[in-house]
1. If you scan region 114-128, which residues turn out to be buried (at least 21 other Cβ atoms within 10 Å of the Cβ) and closer than 20 Å to residue 20 by Cβ?
2. Out of region 130-143, which residues are on the phi < 0 side of the Ramachandran plot and either part of a helix (DSSP H, G or I) or at pLDDT 95 or above (or both)?
3. Tell me which residues, restricted to region 79-105, are under 23 Å from residue 48 (Cβ atoms) and over 18 Å from the mean Cα position of the chain (by Cα).
4. Exactly one condition in (1) over 15 Å from residue 119 (Cβ atoms); (2) buried (at least 16 other Cβ atoms within 10 Å of the Cβ) is false for residue 2; which is it?
5. Please pick out the residue among 161, 127 that is assigned to a helix (DSSP H, G or I) and at pLDDT 95 or above.
6. Being in contact with a strand residue (DSSP E or B) (Cβ under 8 Å, 6 or more places away or on another chain), touching a residue at least 12 places away in the same chain (Cβ under 8 Å), in a helix (DSSP H, G or I) and over 13 Å from residue 140 (Cα atoms): is that true of residue 18 here?
7. Suppose we keep only residues that are in a helix (DSSP H, G or I) and without any contact (Cβ under 8 Å) to a residue 24 or more places away in the chain within region 52-80. Which one would you say is nearest to residue 92 (Cα to Cα)?
8. Given (1) at pLDDT below 95; (2) in contact with a helix residue (DSSP H, G or I) (Cβ under 9 Å, 6 or more places away or on another chain); (3) surrounded by fewer than 16 Cβ atoms within 10 Å (Cβ to Cβ); (4) farther than 25 Å from residue 57 by Cβ, identify the lone condition not met by residue 199.
């Protein structure tokens, strides 16, 4: 695993460019977020999340959330997004809130869940925000751990098997948060929490996984 130290407040352009180049080719890279460390590849029309699933040993039936640049992604990649989803995004983005919406035709099909939905989040951390800007595309991102394992909060927390298979890690030290994001479904008439996480909201919930 190649490791590049990175200042989380002012990410090095060369390190971001190196990570973005790999992510564009569908090679998963690891990076800190405002919640936990993530693994990501670029969401591109001809791209694929297959290497990300293989690295994480993740069930291909489980869609991978996207990190996006901001609320405009709801308009571009979402279809018939309810007004309350935009209200949640305005209130909590950038931040630890993932919104599940119906995918529009602009979303590359290989990155969309089997039910036609996708999960979007705008991170508050400078490193993934810089990556998304460098790519000019979203990042399909999942937590940096093997399926079912503990999410990594710093370099020492990476599973050795995962670290051995990983091409590149941007090491920004410990993440500011210690929980993954809260996931909210925006597919119905009212919001529904799918996973309780770093952001405290109120609703019924069930388990899910991501950053």
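The values are calculated or read from the model by the stated rules, or taken from the named source; none is laboratory data. Being a predicted model, the structure only gives us computed values, none of them experimental. When we count neighbours, we look across all protein chains shown, and the Cβ atoms used for this are built from the backbone with ideal geometry, even at glycine.
1. Narrowing region 114-128 to residues buried (at least 21 other Cβ atoms within 10 Å of the Cβ): 118-123, 125, 127-128.
Those that are buried (at least 21 other Cβ atoms within 10 Å of the Cβ) and closer than 20 Å to residue 20 by Cβ: 120, 121, 122, 123, 125, 127, 128.
2. Within region 130-143, the subset on the phi < 0 side of the Ramachandran plot is 130-135, 137-143.
Across region 130-143, the qualifying residues are 130, 131, 132, 133, 134, 135, 137, 138, 139, 140, 141.
3. Taking region 79-105 first, the residues under 23 Å from residue 48 (Cβ atoms) are 79, 98, 100-105.
Residues satisfying the conditions are 79, 104, 105.
4. (2)
5. Values: 161 fails: at pLDDT 95 or above.
Exactly one residue qualifies, and that residue is 127.
6. Working: in contact with a strand residue (DSSP E or B) (Cβ under 8 Å, 6 or more places away or on another chain): yes; touching a residue at least 12 places away in the same chain (Cβ under 8 Å): yes; in a helix (DSSP H, G or I): yes; over 13 Å from residue 140 (Cα atoms): yes.
Taking the combined requirement at face value, the residue satisfies it.
7. The first filter runs over region 52-80 and keeps only residues in a helix (DSSP H, G or I), leaving 52-56, 72-77.
Narrowing further to those that are without any contact (Cβ under 8 Å) to a residue 24 or more places away in the chain: 53-54, 72, 75.
Numbers: 53: 28, 54: 32, 72: 14, 75: 17 Å.
Among those that are in a helix (DSSP H, G or I) and without any contact (Cβ under 8 Å) to a residue 24 or more places away in the chain, it is 72.
8. Result: residue 199 passes all but (3).
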